[in-house]
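Asks: Take this structure, written in structure tokens, and hold onto it; I'll ask about it next.
The values are calculated or read from the model by the stated rules, or taken from the named source; none is laboratory data. These numbers were taken from a predicted model, which means no experiment stands behind them. Methodologically, a virtual Cβ is constructed for each residue, glycine included, from the backbone with ideal geometry; neighbour enumeration extends over all protein chains shown.
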Amino acid sequence: MRIERAVKRRLCSLPATVYSDGLRTDCAILDISERGCQLEGDVFGLGNEVEIHFQDAKLCVPGTVAWKTYMRVGIHFKATIGLSEK
Amino acid sequence: MLVLLTDTSEIARRTCEVLGTSGAIRQINLKQAPPLLTDSVEGWIFAADLDQEGTVTAGIRHLRERALEQPLIVVTARRDVKTSARASALGATRVHEISNAAGLLRDPIFANRFMAMPSPFSNDPVLMAAIAGTVAIVTETMTGRATTSASEDLNTAIDAAIASLQTKGVAAWLKALEAVHSPTYRHVLQVLAFAVSFGTLTKLPPPLLRKLAAASLLHDIGKAKLPVEILNRADRTAPGDDAILQTHVKLGFEMLRAYGERDFDILDAVLHHHEYMDGSGYPHRMKGAQIRPLTRMLTIANHYANLIEQRPSRPVRTKQDAYKRLQAMGHKLDLGLVATFKGVVR
């Protein structure tokens, strides 16, 4: 049974750029919450520490990689971010 | 029991290395008088230099004890008319060249023996065939036969191992590995199992999964060039042991390159499977993104296999305990991949 987390995730499809160990990777945000997000793209080579640039929001958030598969990665933000109600 | 007749030749030495994984074998020196064999003998292996004067005579003297139904495998350096004639004179049932270690291990005398091991999975021919195939490949690589990821034998063994691990699971594979005696061979086959399951879980595309499997089978190939005393020492605390052991990654890389390995991912994984994300590994102290993702996966599978390995110097670890220790390595490993690896441990 999946335990619903207190922090709600919002499904989306937004572009983001991830920087890790000096390398840049363009990917898509699949879902996002105040504490983290799930990205899809060429993310397999990312290091442990990342910085995510949300292009639409003009926001830059540092984070750590929580889990990873070949095409997807889960990120924990180092600080909570505010999400609009829209 | 199998009886292995040997002398001091290179053929004898290499045969002993190859058969080290095949269970209880009574080794008898041809120069000694034939001993009294009290246990029931299933078959005979003759591994001595047939070119040496007196070897055939000594062999015939020992083989007087052999019953007609007991097979005799003769291991030779090459297959020519003279050697074949001498093998026939001994009464050989089958002749194998030592350069083809896989062929020797696939001989029914060993295959049957392997299947007869007391394992709850011994009645699973698919699983046991997959393990026997990979044991044969590891034996070949560890005894110096040139093997690359392009080798047909290696690819057949990898396909069988992947199919078997994806259908039967890691637990069945690990249980069946109890039949493999050599710790070095068992380690390689454990790493293969963890790597393939890990690759499947991370949804690696099939070509990359096969590369990871090949790299895990070949990752310790350099240990074939290290002194056996150091590899088999339970407590490797002697001064200089670590430095010698650390050379196995470069040795393996050089061996594979000399054999003609062209796959960069595999060469990189063999050379760098002891590098850490924080730059504290060896041989090149690489950091973060400098380490390729397949290599990071192999590092995790290799570490986990080392952690669950039974050693006389420490109590047996549960898989959960071993995983906690893996997590405790923190930023040395790829944190995202370690989190995903939890699915392999379950």
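Asks: Being surrounded by 21 or more Cβ atoms within 10 Å (Cβ to Cβ), part of a loop (DSSP other than H, G, I, E, B) and under 12 Å from the mean Cα position of the chain (by Cα) is the filter here, so list the residues in segment A:32-45 that pass it.
Replies: Matches in segment A:32-45: A:V43 only.
Asks: Here's a follow-up. So which of B:A322, B:A305, B:A328 is more than 11 Å from chain A (Cβ to nearest Cβ), exposed (fewer than 15 other Cβ atoms within 10 Å of the Cβ) and of a type in the set (A, V, I, L, M)?
Replies: That would be B:A328, the only listed residue that is more than 11 Å from chain A (Cβ to nearest Cβ), exposed (fewer than 15 other Cβ atoms within 10 Å of the Cβ) and of a type in the set (A, V, I, L, M).
Asks: If you don't mind, there's one more thing I want to ask. Which ones in segment A:8-31 are within 14 Å of chain B (Cβ to nearest Cβ), over 11 Å from the mean Cα position of the chain (by Cα) and assigned to a strand (DSSP E or B)?
Replies: A:Y19, A:S20, A:L23, A:R24, A:T25
Asks: State which residue is surrounded by the most Cβ atoms within 10 Å (Cβ to Cβ) when the search covers only segment A:46-57 and only residues that are in contact with a Gly (Cβ under 8 Å, 6 or more places away or on another chain) and more than 11 Å from chain B (Cβ to nearest Cβ).
Replies: Ranking the candidates gives A:I52 first.
Asks: Can you tell me which of B:L208, B:L231, B:L218 is within 14 Å of chain A (Cβ to nearest Cβ), out of contact with any Phe, Trp or Tyr (no Cβ under 7 Å at 6 or more places or on another chain), surrounded by 15 or more Cβ atoms within 10 Å (Cβ to Cβ) and within 24 Å of B:A136 (Cα to Cα)?
Replies: B:L208
Asks: From the list B:L63, B:L5, B:L104, B:L30, exactly one residue is surrounded by 17 or more Cβ atoms within 10 Å (Cβ to Cβ), among the hydrophobic types (A, V, I, L, M, F, W, C) and at pLDDT below 80. Which is it?
Replies: B:L104
Asks: Could you figure out which of (1) acidic (D, E); (2) crowded, with 21+ Cβ neighbours inside 10 Å; (3) closer than 21 Å to B:V345 by Cβ isn't true of B:E275?
Replies: Status for B:E275: all satisfied but (3).
Asks: Just need a number here: residues in segment B:83-99 that are free of Cβ contacts under 8 Å to residues at least 12 places away in the same chain and not hydroxyl-bearing (S, T, Y).
Replies: 1
Asks: Take the residues in segment A:58-68 that are surrounded by fewer than 19 Cβ atoms within 10 Å (Cβ to Cβ) and touching a residue at least 12 places away in the same chain (Cβ under 8 Å), then tell me which one is farthest from the other protein chains (Cβ to nearest Cβ).
Replies: This residue is A:L59.
Asks: Name the residues in segment B:304-346 that are touching a residue at least 60 places away in the same chain (Cβ under 8 Å) and assigned to a helix (DSSP H, G or I), would you?
Replies: Answer for segment B:304-346, where residues must be touching a residue at least 60 places away in the same chain (Cβ under 8 Å) and assigned to a helix (DSSP H, G or I): B:Y304, B:A305, B:N306, B:I308, B:L337, B:T340, B:F341, B:G343, B:V344.
Asks: Let me ask another. For segment B:276-302, which residues satisfy the criterion of being part of a loop (DSSP other than H, G, I, E, B), within 14 Å of chain A (Cβ to nearest Cβ) and out of contact with any helix residue (DSSP H, G or I) (no Cβ under 7 Å at 6 or more places or on another chain)?
Replies: B:G279, B:K287
Asks: Okay, next question. If I ask for residues that are more than 9 Å from the chain's Cα centre (by Cα) and more than 23 Å from B:E254 (Cβ to Cβ), which ones from segment B:131-154 would you list?
Replies: B:I131, B:A132, B:G133, B:E152 - these are the residues of segment B:131-154 that are more than 9 Å from the chain's Cα centre (by Cα) and more than 23 Å from B:E254 (Cβ to Cβ).
Asks: Still on this model: Taking the residues in segment B:231-263 that are at pLDDT 75 or above and not in a helix (DSSP H, G or I) as candidates, determine which candidate is farthest from B:E275 (Cα to Cα).
Replies: Filtering first and then ranking leaves B:G260.
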